[in-house]
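Peer 1: One structure coming up, written as structure tokens, with questions to follow.
What follows is calculated from the coordinates using simple rules that are stated; it is not laboratory data. The structure displayed is predicted, hence computed values, not measured ones. Cβ atoms come from the backbone with ideal geometry, glycine included; neighbour counts cover every protein chain shown.
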Amino acid sequence: MYNCLVLSKLYHLEYLEISENSPDIPNSYDFYAFNYHHVRMSWLDTSSVRKLPGLKLTFVLETMPNDPFVLCPRDDFDVYCTLDPTMVVSDPRVYGFPRPLEVPSEVPIHTANEIPVFGTFGFATRGKGFDRVVEAVNKEFDTAIVRINIPPSTFAFRSRSLFAKQDYAEYLGDLCKKVAGKGIEVVVTNDYMSKSQLISWCAENSLNCFLYDRNLPGLSATTDQAIVSGRPLSVSDNQTFRHIHQFVTPYPHRSLKESMVSSVEEVKRMQVEWSPEKFAGKFEKVLADNGLFHEAAHTSLPPEFIHLEKRQLEVTPLGRCVRIARKIGYALSDGIEYLRPVPKRNSMCKFLLSISEVRDCTSYLNTHGYVSHRLSCKDWDLANIISDLSDGNLLDMGSSDSFLLTNATRKGLHGEKYGIDLQRPDVPVEGVQYILGDLTRTGLPDEKFKNVTCLSVLEHNVDFAAFAHECSRLLSPGGKLYVTFDYWTPRVVPNLQIFRSPWNILDRSDVERLVTECRSTGLELTQEIDWTLGKPVITKRFHSPDPSIAYTFGMLRFQKQLSG
């Protein structure tokens, strides 16, 4: 979770471990996010948490369907972030979070086997259904290999008296071999693997299969690594997989053979919906909902971070009613907005008109297996540009958190891919060459690129003339430049620095000046600009970094003219 949360630039997060022997927590923070667990932190008197200043949040791992409080105190935290994306309750303090999937440095390419290989794993606890996996394979396959890994653990069932004087892990392994039919080979291992090793292990299987039958709080975590591996997946209809049932039809309602064919795209959708960026974006929303974002003033944090105002939330019945009423009002407003039809515009030189457009762009990205931005409003940029990009060398300017390069790679675009930024990439994309430097002085060869993209950078004190000259130099004849930017007319002037630079929202005169500078270097708009504006889309409730500022996004596409 921590590795996901630090992706955000809207706060500075410090990691602190507390224990019974070292329980002290500094009272100097603006918010506290606990990873509370009823066993590992049973020593903690959670009522003492209320004495801390600022907002107190906790992540909740063990939940029942729509019940986050089964093993977590109900009133000692201000906000409850449940690791259950299906969580829907009326309590405004409770948020359902996506699973915090990891991004491995490398996932081995799967090598197809003549004999199908089924993988399942987990600690030796009741209800894991390893023998059910073998029985399911028996029914559908004449020849197959079933791999079962049961790692050692200190908490698993270890009785030797009930199961022929065996450890429960040994008993389960022997049981699976006994129920295997002719032609079904069962391979049982007891390896304690790292997460990267486990992901690689899952990547080797034709199908990862988990047929649990248990009634415990929480969701299965074993499937997280299986999903990251990208291989087909089958799960039982047990409620521990309820988060997966939104994507995958469970066994026995869908056969193993059908899952081997149909679940690949479903796994890809889960990877998108539960990406680290989505997790960080959800946490940003929680903080924004609770009024923590404040302009960077009188802070010792680096300028790219927004200072979080110190505050103490008092959860009273009246306050709770006010918050519920506010959320109902917001929901009604959003519902009306979403019902408005999205105008069909083929232009690539336009402005974002409504949240409905963002909704459709997010849907496009998810449907086509792309990664959504951690700020959903930026899906408008991504969907419009990624759908228009074609093969050829690509340079992304301002690439430290580039979802554009990630999606260009997912699209399978041919050509070299580069990124340039003043800071290192948050999550490097495999195959991309990164440069630390000024985007107006890249040092890259002339006419090397067919496509140059620059998303949400121009508003951060970029010299238009130098930018236009460098882009024209880098583009081959006929190559395209895509730019997006913060925009509003009449001009709005935020008093805020972002990424160590003044934040300057462009107005019409700025855009016209940019077009003029580009034209002087041989870069022409591919279409006339559609200057139509609706209401401001980026507001305090929809990702504006300054609650007093409302604006929208603009997009332009240029093409370098052919010589002669």
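Peer 1: Of 128/182; 139/195; 51/278, which pairs sit farther than 26 Å apart, going by alpha carbon to alpha carbon?
Peer 2: 139/195; 51/278
Peer 1: Given a Förster radius of 51 Å and the C-beta distance between residue 115 and residue 446 as r, what FRET efficiency does 1/(1 + (r/R0)^6) yield to the nearest 0.05?
Peer 2: 0.40
Peer 1: Taking H as built 1.01 Å from N, whose amide H comes closer than 5 Å to the amide H of residue 36, not counting residues under 5 places away?
Peer 2: The answer is 59.
Peer 1: Next question. Kindly identify segment 343-560 as rounded, prolate or oblate by the Cα gyration tensor criterion: order the square roots of the eigenvalues as a ≥ b ≥ c, call it rounded if a/c is under 1.5, otherwise compare a/b with b/c, prolate if a/b is larger, else oblate. Please report the intermediate quantities before stating the final value.
Peer 2: Working: a/c = 1.36, a/b = 1.19, b/c = 1.14.
In terms of gyration-tensor shape, rounded.
Peer 1: Run the simple label-point estimate for residue 423 and residue 45 please: 7 Å along Cα→C-beta, distance reported in nm.
Peer 2: According to this spin-label approximation, the distance is 4.1 nm.
Peer 1: Only helical DSSP H runs with n ≥ 4 go in: add -39500 (n - 2.57) per run for the chain, normalise by residue count and round the 222 nm mean residue ellipticity to 500 deg cm²/dmol.
Peer 2: Dividing the helical sum by the residues of the chain leaves -8500 deg cm²/dmol.
Peer 1: Positive end of the dipole of the chain, charges at C-beta (+1 Lys, Arg; -1 Asp, Glu), about the Cα centre: which of 184, 116, 291 has its Cα farthest in that direction?
Peer 2: The one lying farthest along the dipole's positive direction is 184.
Peer 1: Right, another one. When a/c reaches 1.5 or more, the comparison of a/b and b/c decides; with that in mind, is segment 117-273 rounded, prolate or oblate per its Cα gyration tensor?
Peer 2: Judged from the Cα gyration tensor, segment 117-273 comes out prolate (a/c at least 1.5, a/b above b/c).
Peer 1: Please go through segment 420-470 and write out the trypsin sites (Lys or Arg not before Pro) that DSSP classes as loop and that have at most 16 other C-beta atoms within 10 Å.
Peer 2: Answer in residue order: 441.
Peer 1: What full-extension length gain, to one decimal in nm, is calculated for residue 289 and residue 182 as 0.36 nm per residue of separation minus the Cα-Cα distance?
Peer 2: 32.7 nm
Peer 1: Mind checking the full-extension length gain between residue 38 and residue 258? Use 0.36 nm per residue of separation minus the Cα-Cα distance, one decimal, nm.
Peer 2: Details: separation 220, 0.36 × 220 = 79.20 nm, distance 3.94 nm.
Gain in length upon complete extension: 75.3 nm.
Peer 1: Report the FRET efficiency, 1/(1 + (r/R0)^6), for residue 74 and residue 430, where r is their Cβ-Cβ distance and R0 is 60 Å, rounded to 0.05.
Peer 2: 0.85
Peer 1: Segment 190-263 to segment 454-487: how many Å between their Cα centroids?
Peer 2: A separation of 45 Å, based on Cα centres.
Peer 1: Under 1.5 on a/c is rounded, so check that first for the chain, then, if it is not, pick prolate when a/b is larger than b/c and oblate when it is not; a ≥ b ≥ c are the square roots of the alpha carbon gyration tensor eigenvalues. Mind dumping the intermediate values first?
Peer 2: Working: a/c = 2.19, a/b = 1.43, b/c = 1.54.
Here the chain falls in the oblate category.
Peer 1: Please work out how many pairs of lysine residues in segment 343-560 are eight or more positions apart (or on different chains) and have Cα atoms closer than 20 angstrom.
Peer 2: Count of close lysine pairs: 20.
Peer 1: How do the peptides 254-264, 369-379 rank, highest first, by the average count of neighbouring beta carbon atoms within 10 Å per residue?
Peer 2: Numbers: 254-264: 16.6, 369-379: 22.6.
Order by mean packing, descending: 369-379, 254-264.
Peer 1: Starting from the 7 Å offset along Cα-to-Cβ, what nm value, one decimal, do you get for the label separation of residue 28 and residue 328?
Peer 2: Result for the modelled spin labels: 4.4 nm.
Peer 1: So which trypsin sites (Lys or Arg not before Pro) in segment 487-556 are both in a DSSP loop and have at most 14 other Cβ atoms within 10 Å of their Cβ?
Peer 2: Taking segment 487-556 and a limit of 14 other Cβ atoms within 10 Å, the loop trypsin sites (Lys or Arg not before Pro) found are 491, 500.
Peer 1: What spacing in nm lies between the two simple spin-label points modelled at residue 20 and residue 191, each 7 Å away from Cα in the Cβ direction?
Peer 2: Computed distance between label sites residue 20 and residue 191 equals 3.6 nm.
Peer 1: Any aspartates and glutamates with Cα under 19 Å of the residue 178 Cα? List them, leaving off those in the same chain fewer than 8 positions away.
Peer 2: Straight-line reach from residue 178, under 19 Å: 131, 135, 140, 142, 167, 170.
Peer 1: Can you tell me the FRET efficiency between residue 492 and residue 367 if r is taken as the Cβ-Cβ distance and R0 is 35 Å, rounded to the nearest 0.05?
Peer 2: Details: r = 34 Å, r/R0 = 0.98.
It comes out at approximately 0.55.
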